[in-house]
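The structure under discussion appears below in the form of structure tokens.
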Amino acid sequence: MSSKSFNDICHDDFKCCNQGHCNPGHPLPTRSILSCTPGTGFSIPIPTATNPNFNPIPVASTTIDTSCLCNPSVKIDFTALINYQSLISIPGTLSTPFTVTFQLSKTCCDGSKISLGSWDYSYSSVALATNLTNSFSFSYCECNSCPGCCVYTVDIVRVSSSIITATGLTLTENASIRSSLLSAIATSH
């Protein structure tokens, strides 16, 4: 059994890209770090013909400090419960589903926000009344990233209402995030 400390192992055996400077903002008992943060519930504004503007909405964020990990890999998991409600006055033909676009980004020590990817939640129905809650999730993996303290954020960047065609049709839609969770786990290689 080796009597080397974690930092000795990190700097001697793995030849890290952060040679020499390790000032974590947390205790480092193992080679892995977990960070998770619940988001809050809120209504999702749905753009309409009379109000087409949409500003991005932060859903959840979590911070993870990989300063003392060697060539860290970071896995991000996001999950949310989305409630969707609609009322349709008369039956019609669906041409475009209700869609919410989630974007994952990170901001590290230099302050630049970097987009890592986007995922769509879509729901389509021509039922006269809908009220349902679905789960939505995605995962993202970043291998051999440079160590440091980063904030991972999930934002809603776009919302599109359903488009249903029929003469005299009236469509009312509402959506909300009931709950969400963003977690990050990082490990040394």
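The values are calculated or read from the model by the stated rules, or taken from the named source; none is laboratory data. Values in this document were obtained by computation on a predicted structure and should not be read as measured data. Please note: Cβ atoms are built from the backbone with ideal geometry, for glycine as well, and neighbour counts cover all protein chains shown. Areas reflect the complete protein model, heavy atoms only, side chains present, ligands, DNA and RNA absent. Shrake-Rupley method; radii C 1.70, N 1.55, O 1.52, S 1.80 Å.
Taken along the Cα-to-beta-carbon direction at a fixed 7 Å, the label points for Phe42 and Thr93 span 3.8 nm.
Heavy-atom surface analysis with a 1.4 Å probe gives region 116-189 a carbon and sulfur content of 50 percent of its accessible area. With a 1.4 Å probe rolled over the protein heavy atoms of all chains, the accessible area of Cys36, Cys150 falls in the order Cys36, Cys150, largest first. Multiplying the residue separation of Asp110 and Cys149 by 0.36 nm and removing their Cα-Cα distance gives an extension gain of 13.1 nm.
Projecting label points 7 angstrom from Cα along Cα→Cβ for Asn174 and Leu34 puts them 3.6 nm apart.
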